[in-house]
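The block underneath contains the structure these notes are about, expressed in structure tokens.
The values are calculated or read from the model by the stated rules, or taken from the named source; none is laboratory data. Bear in mind the structure is a predicted one, so any value in this text is a computation, not a measurement. Backbone-built Cβ (ideal geometry, glycine too); neighbour counts: all protein chains shown.
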Amino acid sequence: MTGPARRAAAKRRNDPGTGNQRPQSRRHRPVLDGARLTAYDVLDGVSSRDAYANLLLPQLLRERQLEPRDAAFATQLAYGTLRATGTLDAILTTLVSRPLAELDRKVLDLLRLGTYQIVDLRVPAHAAVDTTVALTRAIVGTGASGLVNAVLRKVAAGGDRDAWVAALAPADDVDRMALATDHPRWIVDAWREALADDTEVEAALLADDAAPEVHLVARRIDRDELVASSGGEAGPWSPYAVRLPGGDPGKVPAVRSGAAAVQDEGSQLAALALTRAPLEGPDAAWLDMCAGPGGKAGLLAAVRPAGVHLTAADRAEHRAELVRGALAGSDDVDVRVTDATAPDWPAGSFDRVLLDAPCTGLGALRRRPEVRWRRMPEDVAPLAELQTRLLDSALASVRPGGVVAYVTCSPHTAETVAIVDAVAGRDDVEVLPVAPLFPEVPGIERGAYGQLWPHRHGTDAMFLALLRRIR
């Protein structure tokens, strides 16, 4: 072989774009970053099998036993990348020569992970690029690492988030807000309609992007005792709420024993709305119609007056089993597996009925960062149809003089005001104002209904409506 030929062969062997690359020596083989690998595995679970990040990430952290600092970084990376997916894809679209949908799914997740570090966390470009390239070699292979390396260097050259948003920003103000706050345009439009005040919209959207506090509910323990044992502080709105500054709530003794549980303070207020509504006649039979996984049923069981029988229903056996766990230790309760649109109880059986209706979950975007990109506008109409059927069933299940609380973890008008307004016109239904029942909670009014917001109340965006059956 001639000298030039030998040099050409050597160049091919060492070219990272060829398949004949020499294996790296152990001395130079990169050690994969545990936090970044864990964050990638969350992204992969969400994109490949529709996993929920808030369930998958804690499982991985427990299994891998990362140091607290690494666990915190993995959480920031995973949740942040999922929240920012739309903006990250807008950036990557300008830098990749083919549609992102044609990329290997794993490569796209890795590009998002690296881009988020550069534009949002301002991790030094060399660290973000080198660690992401190392992950790419290990997960996908050497061939893809060249693409990832080249694209991430272009990302770094474009600057941080502000620079990229300025470069990408469309002329339309709402589109610009959607891009800057990591929300699809249709959700921004829904928030504008729900708030009816454009001055609040950006604050509400940014609150969706903030890491939420962990809230506890004191079920069978005094709240002051729970505050002392957990290191938290009393919640401002619910008399049973404790807000934690951080840490693993599973390590709180009262949570391990079942005397307390993790529950957003807004969900607590939704359950308490049912208990505070004025009632005409007897008050002995309560129903939680769509009770799984059991958080609100657990609180209702704890706060009901003596002599009240609680029925909790769910159509799925596995969710009913979770309800049984939440109600463990409670007397005079009944858990049923039944379809609440065609229930197995006689009409007018209950004095109070809680309908926590299945919904888009858009009110909990802080806790479920992938939902904003997983949900689509066309998901709303089928859910609204189901919500209407369930509310009709709830009103049939309550006796004349009894009360129904309609609750959704979504502020979307089609799932909230529109559903309740449609039945409020019936001559056998009376709307009960929510705000007077919560004088300690400012800004809860949404007409006669109630609406909680992360930016106002530090809770999920829960909607509350109270209806009395007149006859």
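I'm checking my understanding of the structure. Among residues of the stretch 215-236 that are surrounded by fewer than 21 Cβ atoms within 10 Å (Cβ to Cβ) and not in a helix (DSSP H, G or I), which one is farthest from the chain's Cα centre (by Cα)?
Of the stretch 215-236, the ones surrounded by fewer than 21 Cβ atoms within 10 Å (Cβ to Cβ) are 220, 222-225, 227-229, 231, 233-234, 236.
With not in a helix (DSSP H, G or I) added as a condition, the list becomes 220, 222, 231, 233-234, 236.
Values: ARG220: 27, ASP222: 29, GLY231: 25, GLU233: 23, ALA234: 23, PRO236: 22 Å.
The residue in question is ASP222.
Assess whether ALA328 counts as being in contact with a Gly (Cβ under 8 Å, 6 or more places away or on another chain), within 20 Å of TYR240 (Cβ to Cβ), modelled with pLDDT under 95 and assigned by TED's automatic domain parsing to the domain that holds LEU355. So that I can check it myself, show each step before the final result.
Details: in contact with a Gly (Cβ under 8 Å, 6 or more places away or on another chain): yes; within 20 Å of TYR240 (Cβ to Cβ): yes; modelled with pLDDT under 95: yes; assigned by TED's automatic domain parsing to the domain that holds LEU355: yes.
Here the answer is yes, as ALA328 does meet what is asked.
Table: residues versus (1) hydroxyl-bearing (Ser, Thr, Tyr); (2) closer than 30 Å to GLY401 by Cβ; (3) outside any helix (DSSP H, G or I).
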{"site": "ARG243", "(1), (2), (3)": "no, no, yes"}
{"site": "GLY247", "(1), (2), (3)": "no, no, yes"}
{"site": "GLY250", "(1), (2), (3)": "no, no, no"}
{"site": "ARG256", "(1), (2), (3)": "no, no, no"}
{"site": "GLN268", "(1), (2), (3)": "no, yes, no"}
{"site": "ALA273", "(1), (2), (3)": "no, yes, no"}
{"site": "PRO278", "(1), (2), (3)": "no, yes, yes"}
{"site": "GLY281", "(1), (2), (3)": "no, yes, yes"}
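If you go through the stretch 340-347 one residue at a time, do you hit one that is over 18 Å from ALA312 (Cβ atoms), in contact with a Leu (Cβ under 9 Å, 6 or more places away or on another chain) and surrounded by 16 or more Cβ atoms within 10 Å (Cβ to Cβ)? Checked the stretch 340-347: no residue is over 18 Å from ALA312 (Cβ atoms), in contact with a Leu (Cβ under 9 Å, 6 or more places away or on another chain) and surrounded by 16 or more Cβ atoms within 10 Å (Cβ to Cβ).
Can you tell me how many residues within the stretch 141-163 are among the aliphatic types (A, V, I, L, M) and surrounded by fewer than 15 Cβ atoms within 10 Å (Cβ to Cβ)? So that I can check it myself, show each step before the final result.
Residues of the stretch 141-163 among the aliphatic types (A, V, I, L, M): 144, 147-148, 150-152, 155-157, 163.
Now narrow it down to the ones that are surrounded by fewer than 15 Cβ atoms within 10 Å (Cβ to Cβ): 150, 157, 163.
Adding up the residues that qualify gives 3.
Across the stretch 116-164, which residue is farthest from PHE73 (Cα to Cα) among those that are β-branched (Val, Ile, Thr) and in contact with an Asp or Glu (Cβ under 9 Å, 6 or more places away or on another chain)? That would be VAL140. Counted as qualifying within the stretch 151-200 are the helices (runs of 4 or more DSSP H) with 2 or more residues that are farther than 22 Å from THR360 by Cα, namely 161-168, 173-181.
Residues in the stretch 93-131 that are in a helix (DSSP H, G or I), among the acidic types (Asp, Glu) and over 24 Å from the mean Cα position of the chain (by Cα): GLU102, ASP130.
Based on this model, can you work out whether VAL353 counts as in contact with a Gly (Cβ under 9 Å, 6 or more places away or on another chain) and crowded, with 24+ Cβ neighbours inside 10 Å? Yes: the conditions hold for VAL353.
Conditions (1) of a type in the set (Gly, Ala, Ser); (2) crowded, with 24+ Cβ neighbours inside 10 Å; (3) within 24 Å of VAL420 (Cβ to Cβ); (4) over 27 Å from the mean Cα position of the chain (by Cα), marked per residue:
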{"residue": "ALA270", "(1), (2), (3), (4)": "yes, yes, yes, no"}
{"residue": "ALA302", "(1), (2), (3), (4)": "yes, no, no, no"}
{"residue": "GLU321", "(1), (2), (3), (4)": "no, no, no, no"}
{"residue": "ALA328", "(1), (2), (3), (4)": "yes, no, no, no"}
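Among the conditions (1) under 18 Å from ASP44 (Cβ atoms); (2) buried (at least 20 other Cβ atoms within 10 Å of the Cβ); (3) of a type in the set (S, T, N, Q), the only one that THR87 does not satisfy is (1).
Tell me whether the stretch 422-440 contains one or more residues that are of a type outside the set (Val, Ile, Thr), out of contact with any His (no Cβ under 6 Å at 6 or more places or on another chain) and within 18 Å of ARG243 (Cβ to Cβ).
Here is the first cut: in the stretch 422-440, the ones of a type outside the set (Val, Ile, Thr) are 422, 424-428, 430, 432-433, 435-440.
Narrowing the set further to residues that are out of contact with any His (no Cβ under 6 Å at 6 or more places or on another chain) leaves 422, 424-428, 430, 432-433, 435-440.
Applying the additional criterion that residues be within 18 Å of ARG243 (Cβ to Cβ) yields 438, 440.
Checked against the condition, which is being of a type outside the set (Val, Ile, Thr), out of contact with any His (no Cβ under 6 Å at 6 or more places or on another chain) and within 18 Å of ARG243 (Cβ to Cβ), the stretch 422-440 yields at least one hit.
Out of the stretch 48-85, which residues are closer than 17 Å to ARG374 by Cα, of a type in the set (Gly, Ala, Ser) and in contact with a helix residue (DSSP H, G or I) (Cβ under 6 Å, 6 or more places away or on another chain)? ALA51, ALA53, ALA78, GLY80, ALA84, listed by residue number. Of all residues in the stretch 326-351, those satisfying the criterion of being outside any loop (DSSP other than H, G, I, E, B) and over 28 Å from PRO454 (Cβ atoms) are VAL333, ASP334, VAL335, ARG336, VAL337, PHE350, ASP351.
Looking at the stretch 440-463 only, could you name the residues that are acidic (Asp, Glu) and not in a loop (DSSP other than H, G, I, E, B)? Result: GLU445, single match.
Does ASP314 satisfy the condition of being in contact (Cβ under 8 Å) with a residue 60 or more places away in the chain, under 15 Å from SER397 (Cβ atoms), in the same structural domain as SER393 (by TED's automatic domain parsing) and of a type in the set (D, E, K, R)?
Values: in contact (Cβ under 8 Å) with a residue 60 or more places away in the chain: no; under 15 Å from SER397 (Cβ atoms): yes; in the same structural domain as SER393 (by TED's automatic domain parsing): yes; of a type in the set (D, E, K, R): yes.
No, not satisfied.
Against the list (1) buried (at least 23 other Cβ atoms within 10 Å of the Cβ); (2) assigned by TED's automatic domain parsing to the domain that holds LEU437, the condition ALA277 fails is (1).
Can you find even one residue in the stretch 74-86 that is more than 22 Å from GLY141 (Cα to Cα) and either part of a loop (DSSP other than H, G, I, E, B) or acidic (Asp, Glu) (or both)? Yes, because at least one residue in the stretch 74-86 is more than 22 Å from GLY141 (Cα to Cα) and either part of a loop (DSSP other than H, G, I, E, B) or acidic (Asp, Glu) (or both). Taking (1) more than 15 Å from PRO358 (Cα to Cα); (2) assigned to a loop (DSSP other than H, G, I, E, B); (3) in contact with a strand residue (DSSP E or B) (Cβ under 9 Å, 6 or more places away or on another chain); (4) of a type in the set (Gly, Ala, Ser) in turn, ALA291 satisfies each apart from (1).
Quick check on the stretch 164-199: of everything there that is surrounded by fewer than 19 Cβ atoms within 10 Å (Cβ to Cβ) and at pLDDT 95 or above, which residue is nearest to ARG256 (Cα to Cα)? Among those that are surrounded by fewer than 19 Cβ atoms within 10 Å (Cβ to Cβ) and at pLDDT 95 or above, it is PRO184.
Please determine, by comparing only the residues of the stretch 23-38 that are at pLDDT 90 or above and in contact with an Asp or Glu (Cβ under 9 Å, 6 or more places away or on another chain), which one is surrounded by the fewest Cβ atoms within 10 Å (Cβ to Cβ).
Restricting attention to the stretch 23-38, the residues satisfying the condition of being at pLDDT 90 or above are 34-38.
Within this subset, residues satisfying the condition of being in contact with an Asp or Glu (Cβ under 9 Å, 6 or more places away or on another chain) are 34-35, 38.
Working: GLY34: 16, ALA35: 22, THR38: 23.
So the residue we want is GLY34.
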